[in-house]
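Read through the structure below, which is laid out as C-alpha cells, and then see the notes.
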Amino acid sequence: MSRVFLIVMDSVGCGGAPDAALFDDEGANTLGHIIEQCDLGNCNDGRLGELKTPNLDSLGLREVIKLANGQPILTEKTLITGCFGAATELSNGKDTPSGHWELAGVSVPWEWYYFNSKTNSFPLEIIDLVKSEVNVSGILGNCHASGTEIIERFGEEHIRTGMPICYTSADSVFQIAAHEDFFGLDKLYTLCRAISPTLHKMRVGRVIARPFLGSCSKDFVRTENRKDFAIHPPALTLCDYVQNANKTVCAIGKINDIFSGKGIDKVLKGRNDSDLMKQLFEQVSLAKNDSLIFANFVEFDSEYGHRRDVTGYAAALEWFDEKLGLLLKRLSPDDLLVITADHGNDPTWSGTDHTRERVPVLISGRGNGSLDLINFSDVGASIAEFMGVPYQGEGRSFFSDL
C-alpha cells in the first residue's frame, strides 16, 4: 500500500562506464568534474565555492561517484541515511529513451539510426516527406545544431517562407522548430505526428516538436510546448506492469512522451523544472497509495549539459538539493524515493553530446548502505517488488540483498 517516487535527474551521470571508450567518452564524469571545478573556484558566477549538496550526499551521492570509478567509498565525513549504488547501462546508447526504458526494465534490442553528417544531414526522402506534409518548397537547417542557435540563425527566414526548421544532433532525433503563431502549434504537432511512423521505421528514436516565439533573432525563445513523438518501447515496461496491477502511474515532465503514453494514467507538465518540482510536491500531498510517481527534471541536460555550462549545472544541482531536503521531510514513512539518471552529459567534455557514464541510484525509505554496482534495469525490478507488482521485465531487485 506504499507510494514510489522515481525521479530522473536528466543527464546527472557519475562516470566509470566500462565501455565509455567505445563512445569516445573514456574519463567523462558529469558529477565528478562539476565537483572538481567548484573546488578549483571555477564556478563562482552566481554561486560560490564547493558544490553544496548535503541532502544528496546524505543519500550517498559522493560515495556513488567513488563506487562508479573504482575508488574507496564510505568516508566518515557524511552520515549516510539511504541506500546507494552505481548503475551500468546495457543498451548500446547514451540517449533519453534507452536510459529511461532500461530503468523501467527494457533494454533496447536494436541499433538506433543516427544522422551522422553535420550538414546536409537528412536523406532526400525525409525532406520530401516534410515538404509534402506542409506544402512548402523546402526545409531550413538540415544540419546538426543546438536548439537555441538554430532558431537564431533561421527563425526570421522561417517566418518569411513558412519552411520548417529541421535539425538533429548526435542523438537519434529529428527535430522541427517552428513559430507558434506564424506557423502554428497544432500544425507543428500534426507535422511531427505524420512523419513519425516513417522515422520510427528507420529506428530514429524521437521526432521532437520545438516551438518558439518572438519577433526577430534577438528575442526568439523556445516555449514550454515541446512535444516528443517517441518510438514505442519494444516490450512492457515498469509503467505497464504497475498499471496492469490496477495501480496508478503519474508522469511528470517528459516521461509520458518518452514512453509514448504507454502505462501512464496521469500526465503533468510544466514550463520549466521549477514548475515540475511544484507538481512533484503536489503529488506528495495528493497521490494515493499504490501509486508510482515518475518524474524527469530535464534542465540539467537541456540548459547546462548540452551548453557545457559547468556553473549553471552546479547551481541547478544545489537548487535540486535544497528542494530534496524539503521533499524528504514531507514523505511518509511508507514511501519509497528513488533518485537516478538516464545518461551523462559532462559539461566539461568536448562537443555538446551526452556522455556514456554510470548513473547514481539513491534511495530513501529502505534502510541504508551500499548496493554496490548494479544495472539500470535493477531499478525497475526493485520498484516492482516494493509495490508487489507481477513483473516480467529485466533486472533483479537489489532489495533482496538488504
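Observations
- Note on segment 262-295: residues that are of a type in the set (Gly, Ala, Ser) and without any contact (Cβ under 8 Å) to a residue 24 or more places away in the chain total 1.
- Within segment 142-165, tally of residues that are buried (at least 24 other Cβ atoms within 10 Å of the Cβ) and in a strand (DSSP E or B): 1
- Residues being over 9 Å from Asn142 (Cα atoms) and in a loop (DSSP other than H, G, I, E, B) - total across segment 111-125: 8
- Meets criteria (closer than 20 Å to Leu238 by Cα and either without any contact (Cβ under 8 Å) to a residue 40 or more places away in the chain or assigned to a strand (DSSP E or B) (or both)) for Gly138: no
- Single unsatisfied condition, Pro97 versus (1) surrounded by fewer than 22 Cβ atoms within 10 Å (Cβ to Cβ); (2) closer than 28 Å to Gly388 by Cα; (3) modelled with pLDDT under 95: (1)
- The sole residue among Arg356, Arg330 that is in contact with a Phe, Trp or Tyr (Cβ under 8 Å, 6 or more places away or on another chain) and under 20 Å from Ser169 (Cβ atoms) is Arg356.
- Filter result (part of a helix (DSSP H, G or I), of a type in the set (Val, Ile, Thr) and within 16 Å of Thr88 (Cα to Cα)) within segment 8-63: Thr30
- Residue ID - farthest from Phe122 (Cα to Cα), chosen from residues in segment 206-219 that are buried (at least 19 other Cβ atoms within 10 Å of the Cβ) and either of a type in the set (Lys, Arg) or in contact with a Leu (Cβ under 9 Å, 6 or more places away or on another chain) (or both): Pro211
- Checking each residue in segment 170-184 for being within 25 Å of the chain's Cα centre (by Cα) and surrounded by fewer than 22 Cβ atoms within 10 Å (Cβ to Cβ) picks out Ala170, Glu180.
- Scanning segment 252-280 for residues that are part of a loop (DSSP other than H, G, I, E, B), farther than 23 Å from Asp95 by Cβ and under 17 Å from the mean Cα position of the chain (by Cα) turns up just one, Arg271.
- Residue under evaluation Tyr391, criteria (1) surrounded by fewer than 18 Cβ atoms within 10 Å (Cβ to Cβ); (2) farther than 27 Å from Thr148 by Cβ; (3) among the hydroxyl-bearing types (Ser, Thr, Tyr), criterion not met: (1)
- Residue count for segment 53-89, restricted to those that are of a type outside the set (Ser, Thr, Tyr), surrounded by 16 or more Cβ atoms within 10 Å (Cβ to Cβ) and within 25 Å of the chain's Cα centre (by Cα): 21
- Only listed residue being assigned to a loop (DSSP other than H, G, I, E, B), closer than 30 Å to Leu103 by Cβ and touching a residue at least 12 places away in the same chain (Cβ under 8 Å), chosen from Val204, Val249, Val242: Val204
The values are calculated or read from the model by the stated rules, or taken from the named source; none is laboratory data. Predicted model, so just to flag it, every value in this text is computed and none were measured. Heads up, the Cβs are rebuilt from the backbone with ideal geometry, glycines too, and the neighbour counts pull from every protein chain shown.
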